[in-house]
Amino acid sequence: MDKLRVMTIFGTRPEAIKMAPLVRELERRPEVESLCCVTAQHRQMLDGVLGIFRLTPQYDLDIMEPRQSLSTITSKCLLGLEKVFQRDRPDLVLVHGDTSTTFAGALAAFYQQIAVGHVEAGLRTWDKYSPFPEEMNRSMVSRLADLHFCPTEANRRNLAAEGITKGVYVTGNTVIDALNTTVRKEFSFTTDELNRLDCSSKKLLLITCHRRENYGEPMEQIMSALRQLAETYRDQVELVYPVHLSPVVQEAAHRHLDGLPNVHLVAPLPADEMHNLMERSYLVLTDSGGLQEEAPALGKPVLVLRRETERPEAVEAGTVRIAGTRREDIVAMAAELLESPAAYETMARAVNPYGDGRACERIADAILYHFGRSDRPPETFAGR
Ligand code: UD1
Ligand code: UDP
């Protein structure tokens, strides 16, 4: 029997981090021919991840432009992927999460009547414009996909509420598989600025912020909250903020935060450096999806710089709180965690609602089962 040809498609940093261990797992399966296509919706931030995980894609669409629009990303991906599929037709296309690459990847495969598998399926806020455009991207991919790999049981229930019950598997999130390969006790950073951080007598606040729905006034509020925290706790905290390469974010971060001695605005970090920095941090403030999954696994409290989250599991477990995007709310919630050991201890517990490090194994098992290459149904991730 011919090998099952599985093409993994991704374009941005988080997709790459979360797909890398799956590509590796597929490469280990003798029944599978694993192909990898990157759209390069992100260029430098994607290449960093490809390097860390030693991935060499067969196809690279190289679509990124400065200040790209959603229409540009989507149309360039569609046209590029059409050519790839005409030249090298896979049996299954795998896309991840909720970016424009994800949506365009699923749509381009559908146009060629190629089966689609959606990794990290079933996350919802039920608010069309938040996160924007991710909520609609992932909803539309759910309509297009044949296989749905849900990180959690709650994600499965979200799909069931939309009438999607076939080809649905609860696997855990592949981000935990990735995290298990990067965090090490004796880790050295590549820059002196990070190696010299005093994490024993100072509290390290790790910051990221990039979401499109936060552009404008919410981002102004977030940046001024960070400034206020840095000034109020000048001798007690170090803020480390790897600034996303988006020019919108770069401009806002540098305008508000340049010149503060305890604020380190650094370039985006390689994934292994980011994960090890998180391991040394006291508190994480972020609007990122991935950090909301990684930090709880490392026992680090998270304040989410958004009005809602599609990842309620860690909020329910008590390690993540929604801080919103108003300056005074962010400052008040961070101040409580800096000043009250009791409040901090309640949140700082390692919980792992998102995975156990075996998501990729379950996804690969499910693919082989679905295509009749194995009689063994995949195990369900039951949480822990
Ligand atoms: C994208 C995703 C978002 C995801 C985020 C992860 C969409 C619509 N958005 O948002 O869901 O959370 O990635 O980071 O799919 N840039 C560079 N170099 C890079 C990467 C970006 O210069 O390596 C700059 C470019 O000017 C680019 C801009 O950042 O135009 C924005 O990138 P884009 O992918 O459009 O949006 P993100 O905010 O990164
Ligand atoms: N990340 C990284 N370097 C950084 C910032 C983030 O490697 O400088 C990692 C982070 O640990 C997580 C992923 O990138 O695995 C999250 O990506 P991002 O915040 O860009 O996107 P989101 O998760 O919000 O889609």
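The values are calculated or read from the model by the stated rules, or taken from the named source; none is laboratory data. This is a predicted model, so every value here is computed, not measured. Here the Cβ positions follow ideal geometry from the backbone for every residue, glycine too, while neighbour counts run over all protein chains shown.
Per-residue answers, yes or no, for (1) among the small types (Gly, Ala, Ser); (2) farther than 30 Å from residue 146 by Cα; (3) surrounded by 15 or more Cβ atoms within 10 Å (Cβ to Cβ):
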| site | (1), (2), (3) |
| --- | --- |
| 325 | no, yes, yes |
| 331 | no, yes, yes |
| 340 | yes, yes, no |
| 344 | no, yes, yes |
| 347 | no, yes, yes |
| 350 | yes, yes, no |
| 359 | yes, no, yes |
| 372 | yes, no, no |
Helices (runs of 4 or more DSSP H) (entirely within the range 284-384) containing at least 3 residues that are within 22 Å of residue 232 (Cα to Cα): 327-339, 341-347
Considering each residue of the range 167-206, count those that are surrounded by 14 or more Cβ atoms within 10 Å (Cβ to Cβ) and of a type outside the set (A, V, I, L, M, F, W, C), and give that number. 12
For the range 185-201, which positions are under 17 Å from residue 279 (Cβ atoms) and acidic (Asp, Glu)? 186, 198
In the set 252, 271, 267, which member is under 16 Å from the mean Cα position of the chain (by Cα), of a type in the set (Gly, Ala, Ser) and within 16 Å of ligand 1 (Cβ to nearest atom)? 271
Members of the range 223-243 found to be of a type outside the set (A, V, I, L, M), assigned to a helix (DSSP H, G or I) and out of contact with any His (no Cβ under 7 Å at 6 or more places or on another chain), listed by number: 228, 231, 232
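Each row is one residue, and each column tells you yes or no for (1) hydroxyl-bearing (Ser, Thr, Tyr); (2) surrounded by fewer than 24 Cβ atoms within 10 Å (Cβ to Cβ); (3) under 21 Å from residue 371 (Cα atoms); (4) within 15 Å of ligand 1 (Cβ to nearest atom).
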residue	(1), (2), (3), (4)
64	no, yes, no, yes
67	no, yes, no, yes
73	no, yes, no, yes
86	no, yes, no, no
89	no, yes, yes, no
96	no, no, yes, yes
103	no, no, no, yes
110	no, yes, yes, no
Sort through 49, 84, 23 and tell me the only one that's assigned to a helix (DSSP H, G or I), out of contact with any Ser or Thr (no Cβ under 7 Å at 6 or more places or on another chain), at pLDDT 95 or above and farther than 16 Å from residue 106 by Cβ. 49
Number of the exception - residue 65 against (1) within 26 Å of residue 209 (Cα to Cα); (2) in a loop (DSSP other than H, G, I, E, B); (3) touching a residue at least 12 places away in the same chain (Cβ under 8 Å): (3)
Of everything in the range 165-199, what is β-branched (Val, Ile, Thr) and free of Cβ contacts under 8 Å to residues at least 40 places away in the same chain? Give them in sequence order. 165
Run residue 282 past the list (1) within 16 Å of ligand 2 (Cβ to nearest atom); (2) under 22 Å from residue 186 (Cα atoms) and report the number of the one that doesn't hold. (1)
Residue selected from the range 207-232 under the condition free of Cβ contacts under 8 Å to residues at least 40 places away in the same chain and among the small types (Gly, Ala, Ser), by the criterion surrounded by the fewest Cβ atoms within 10 Å (Cβ to Cβ): 216
Residues of the range 233-259 being surrounded by fewer than 19 Cβ atoms within 10 Å (Cβ to Cβ) and either under 15 Å from residue 282 (Cβ atoms) or in contact with an Asp or Glu (Cβ under 7 Å, 6 or more places away or on another chain) (or both), in sequence order, are 235, 236
Given 313, 345, 361, 336, which one is of a type outside the set (Gly, Ala, Ser) and more than 28 Å from residue 173 (Cα to Cα)? 336
Given the residues 120, 134, 162, which is the only one that is in contact with a helix residue (DSSP H, G or I) (Cβ under 9 Å, 6 or more places away or on another chain) and crowded, with 23+ Cβ neighbours inside 10 Å? 120
If I filter the range 32-83 down to residues being of a type in the set (S, T, N, Q) and closer than 30 Å to residue 1 by Cβ, which single residue comes out as farthest from ligand 2 (Cβ to nearest atom)? 58
